[in-house]
Every structure is written in structure tokens, then in C-alpha cells.
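Structure first, then comments.
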Amino acid sequence: MFDKLGFAVRALAISAILLAGAPFAGAQTLGSPSTLIGRPPPLPLTLPQRLRAQANPFSLLQLQSRLPPVGSPPPAAPPPSGSPWQFGTQPPGAPPLSNPLLLTDGTVIVHVSCTGTWWRLTPDQTGSYRNGSWSGIAAMPTGYEPRFFSSAVLPSGKVRIEGGEYNAKGLNCNEVALKNARGAIWDPRTDSWASVAPPAGWNTIGDAPATVLANRIYMQADCCDSGRLAAVRKSRAWQATGSGKFDSYDEEGWTLLPSGGLLTVDAYVGRRGCGRNTEAYGPAAHAWSSAGDTPAQLADCANPSGTPSYEMGPQILRPDGTVVAFGGTTCNDPVGGGVNPSCDDGAVTVVTYSAIFDTASFSWSAGPDIPAVGGQNYTLADAPAALEPNGDILFAASPNAETFSNPTHFFELSGADNTIAQTADPSDAGAFTSFQWNLLVLPTGQIMALETDGSTVWYYTPTSGPNPAWTPSIAARHPTGLAIGGTYKLKGTQLNGLSQGAAYGDDQQAATNYPLVRITNEGTGHVFYARSFGFATASIKPGIASSLSFVVPAMETGAAQLAAVANGIASPPAAVTVSASPR
């Protein structure tokens, strides 16, 4: 039952923090504490939720009071023996980390929310990320310090960041910054950020979906544009696209399809009523069209309290050509004006569903229900999922009695029979709700898990490997004599994998459908990643031919094995010889 007295005490404490308006410390320097430490976590609210919160500010405090302040959970306990979860190293000062992105040189960058700070993780000489080392990269452009934003690794190897639901500058991340239409690109070769202008006439981007299309073009949505248009970045200019969109892009995620198009489940933000419509985007027509109805309601556009959150769950394409879309339905949204006691009592039962889209037949079928834990039904309202190399899907979920409540539990959806089973949790999962988790598929096949408002770096190891039919393949004619610092061309098939790998939705994207080049010295077993770039395609269509360029890093010379890796699945190795100078 809801603890009204406990809530009142916590809400008063949070209110004092907000009213005090602690001074903003500016862009974070490496090793300094996050500006959010000790504050209530800013929540990923939809526009309707924000409007209700403005009418009833105390209800927002009620939502925030259910989660510990940023950085306050105690250090995570060591995982028990046999657990698939393992600790990893942390950056100096153990900052809270979010938004992991895998770079094309095998390193990972992660963001400190509401700051301009990013940290870079380099795997150790055995290829282990868990035992890797951390270093800082350049701070983002002055005044651009977002939370919940679009992100993508581009075919050039650069990183693109757009928008943000919050921006820390002058707001301490306690105010919404939906009108934040800023963007920036980071070049890992020069370790420098460059600001980029939004499409002409755009005043908002906020937390919105984005992706790199199969044709390598970056596509960006505006979360709150009444015209319901997106834009693609082509020839250094923005071009409008996405005509015919049924509803706004707010809370929706995009899944890249083998056809080269996109799939989304409508959240019904800005529409009257609630439904089960889905849409497909055709890049040739630059337009959306209906992709049919899901068998059950997935979007939280109607619930027993009458105050929907409009949240959605993630969507994951699997190697068999099916997309699993997870629901985000809840029983009650307290921002609407109070707690529905029947939700806490369990008298109102809201089951959260999933649905499966067959990309071959372009049709939907029912997926498994999200299981109950401890008598409570669970939801993926703003939650991450990741495709394991074995075809199973790892995902996080939280109780659906209310929006944004802890604890988090982790589950796996079997690729073999579409059943869901609860798996082990990280030892500190009880302190967080599902929106605070970000997942990334690593070249090792492990899943990196970050807590957004906590500092522990977790690694999940799946129990089995991939189907051999899913592996990338290097062309028989490939470079065999490699020189350190030299640039080479590599051709093959399925080099991008058969999926984008991980999904969240509008608040965070961490796609890995691009090839990495891994070189392992035969004498020492030491692992090195070449910087890859110039991908011929970003398609995840089975059997598609592609090519890329790569630069041999500073490494040990001699006989080695070269492999292309995508979404944690490596190609059969090819024998090469590495020398200190060109032959």
C-alpha cells in the first residue's frame, strides 16, 4: 500500500532541493561529481504528462520521490557465484553513466547525464571490456548538456547527438528543455565536437527517435512537431521526410527493417482516443503508411486512472526476420492527480503485452505477456532491450502499477519458442526503475548495462552463442599483408549483422549494425581493433554484400587472425600478417 507519510517526507525534501536552486556548476570536468548528484532524477515525461504536472506540481514530486536521488544508492553487492552478471571497472570518481555507444575502433563512449562530459572505455589486451581502462574525451559544446537525446554512430565513424528532453545549462536539469533543438558531432580522430544546426524552422527536437537508414542517411524526428515531420541529413543539408504520419513521434521508437524501411508502434500522443495502429516508413516514398494493428494494446494511451503516460516499450528485430514490440501499459499515472489505490492493492489488473511483426508477411501476431513478479504485473514503459548473439532478447521491466516505479527485474525472451523467463538481476537492480537502464551489445557478445543515475557498470554474459547462419562473412579475396597505419578495403556479406542490436525508443539509441575489424595476434593472443569507416551500406538484410575501409592500429607484428564483428557475432577468422611498414 502507498506510504502517504513516507511520501510526504520525501516530497518535502525534494521540494526543498528544487526550491533551493543549487548553483549550476557548468560543464563537468573529468573526475568532478555530476551536477545531478543528490538530486531527484529528472523523469522521461511525455508532453501530456508535463502539462498535467504543471497543473499539479506536487504530483511530479510524488513520482520522483519513489526513486532514490542520483548517486545515492549504496555500492552494488558482488554478484553471486554463477551469476551471468559481472562488475566492470569504473571511471575515476564513479560518476553516473548513461547512453553507451560502441565506436568503430572497438572502444565505447558513455555520457554523464546533464553534463557535457563523456568517458571512453578501451578494452584490455585480451579484449575484455569488463577489465578495460577509462579515459576522458573532449567536452561537448558550451551550453549543450542534455539528458534523454538522440544518438547515432555514423558510417564515417563519427558520433551524432541531437536534441534532449532536458538541458542542464541554467536549468540544473530540473526543467524541461523540449525546445532544445541543438545538435553536435564528435570526431574521434581529432577528439573534437562541432555544433550542427537543426532543420530550418525546427524549434524542438527534445527526446525523439533517430536512426541511420540502410542507405547510410541519418534520419531525425522532432518529438513535438505538430506537423509530424522528420528530416534526413543528405549532402550536408536537411530534407523534410515522413509525410502521412498518423500521430506525433513523441515516445515512439524506430526499428530498421530488412527492406530498408522503418517500423514504429504508434503511441497516440496528440491523438484523441487510443488504438493499436502501427506504421512503416518507406525511404523511397519518404512517407509513412499503416503496418496494421497489433493484436493487443501496447501503448499506454489509456489506463484505469484515465491519465495515460503514452509510454511505449522497445522494439527489436531478430535474425529470423521478426520484430518483437514490447508494451508500455500501466495501471495508473500519479501525475494525473493522485494515486489510484486499487493499483497498489492489486485489485486492478493491467497485463502488459508484446506483439510480433513478421517482416516477410508484413503481419502481426500476439507475443507473450510480460510476467508478473511477486504478485505485481510488469511493464516496459521506457525500458531497454538488447538482442543476444544467440537470438534471445534481454530486457528490463518494472511494476506497471504506476509509471516509473522500482524495482527493476530482468527477463529473457527466447528466440526459439517466444517464451519469457525471468533471469538473474544485477545486485542493485532494486534501486532503479526500467527507464534508468541502458543496454549495449558488445563485440564480445556480452551486454553492457548502465544505470543512468547510478555508477555501477555491469556486463551480462549470454549462455550460448549464435547460429552459424547469422555470422558475417569475409570475402575470399581479402588483404593478407597488413602494415601498421595502413588503410585497407574489406568486402563480405552480412557485415552489419541482422539487427540494430539494442533498442530503447525515443530517449536513447545504441544501434551497432556496422562492422568492426578485430585483429588477434597469434603469438600472444592479444586483441586489437582497427578503426573501420566508409561502410557501403547500413542494411541488415540477410546475405547482403558490403564493404568497408579500415586502418591498422599500433599493435604487435607477425601472424594474426582478422575477423569482422557485428552485434557480438564474429566472422570466421582470416589469416593475415602484420608488419611495421608497408610491403
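The values are calculated or read from the model by the stated rules, or taken from the named source; none is laboratory data. Please read all numbers here as calculations on a predicted model, not as lab measurements. Glycine gets a Cβ as well: all are built from the backbone with ideal geometry, and neighbour counts include every protein chain shown. These accessible areas exclude ligands, DNA and RNA; they are computed on the full protein's heavy atoms, side chains included. Shrake-Rupley method; radii C 1.70, N 1.55, O 1.52, S 1.80 Å.
Things worth noting here:
- For Thr461, net neighbour charge (Lys/Arg +1, Asp/Glu -1) across residues whose Cβ lies under 14 Å away: -2
- Working from label points 7 Å from Cα in the Cα-to-Cβ sense, the Thr463 to Gln86 distance is 1.8 nm.
- Across the range 254-319, C-alpha contacts under 8 Å between residues 6 or more apart give a mean separation that, scaled by the residue count, equals a relative contact order of 29 percent.
- Label-point gap, in nm, between Ser361 and Ala194 - each point 7 angstrom along Cα→Cβ: 4.9 nm
- Listed residue (Ser405, Thr46, Pro426) projecting farthest to the positive dipole end of the chain, Cβ model: Thr46
- Value at 222 nm in deg cm²/dmol, rounded to 500, when DSSP H runs of n ≥ 4 in the chain each add -39,500 (n - 2.57): -2000 deg cm²/dmol
- Of all DSSP beta bridges confined to the chain, the antiparallel ones make up roughly 95%.
- A Cβ-based charge dipole, computed about the Cα centre of the chain with Lys and Arg at +1 and Asp and Glu at -1, lands at about 1800 debye.
- Net charge of neighbours whose Cβ lies under 12 Å from the Cβ of Ser289, counting Lys and Arg as +1 and Asp and Glu as -1: 0
- Pairs of Cα atoms nearer than 8 Å and 6+ residues apart set the relative contact order; for the chain it is 14 percent.
- Electrostatic bookkeeping for Val527 treats Lys and Arg as +1 and Asp and Glu as -1; over the other residues with beta carbon under 15 Å from its beta carbon, the sum is -1.
- Paired Rg and Dmax values of the range 488-583, which use every Cα atom, in angstrom: 14.5, 49
- Probe 1.4 Å - accessible area at His409, Å² to nearest ten: 40 Å²
- Shape class for the range 59-108: oblate, because the ratio a/c of the largest to smallest gyration tensor axis (alpha-carbon atoms, square roots of eigenvalues) is 1.5 or more and b/c is at least a/b.
- Packing-based ranking, highest mean first, of 116-122, 281-287 given that Cβ atoms within 10 Å are counted: 116-122, 281-287
- With the gyration tensor restricted to C-alpha atoms of the range 382-483, the semi-axes of the equivalent ellipsoid amount to 32, 17, 10 Å, longest first.
- Counting lysine pairs in the chain whose alpha carbons fall under 27 angstrom apart, excluding pairs fewer than 8 residues apart on the same chain, gives 16.
- Taking the empirical scaling 2.2 N^0.38 Å for compact globular proteins as reference, the chain has a Cα radius of gyration ratio of 0.92.
- Ala545-Ala55 FRET efficiency (beta carbon distance; Förster radius 45 Å; 0.05 resolution): 0.20
- Rounded to the nearest 20, the Cβ-based charge dipole of the range 387-479 about its Cα centre (Lys and Arg +1, Asp and Glu -1) stands at 440 debye.
- Sites matching trypsin sites (Lys or Arg not before Pro) across the range 242-276 that sit in DSSP coil, with at most 16 neighbouring C-beta atoms within 10 Å: Arg271, Arg272
- Relative contact order for the range 366-406, counting Cα pairs under 8 Å that sit 6 or more residues apart, in percent: 34 percent
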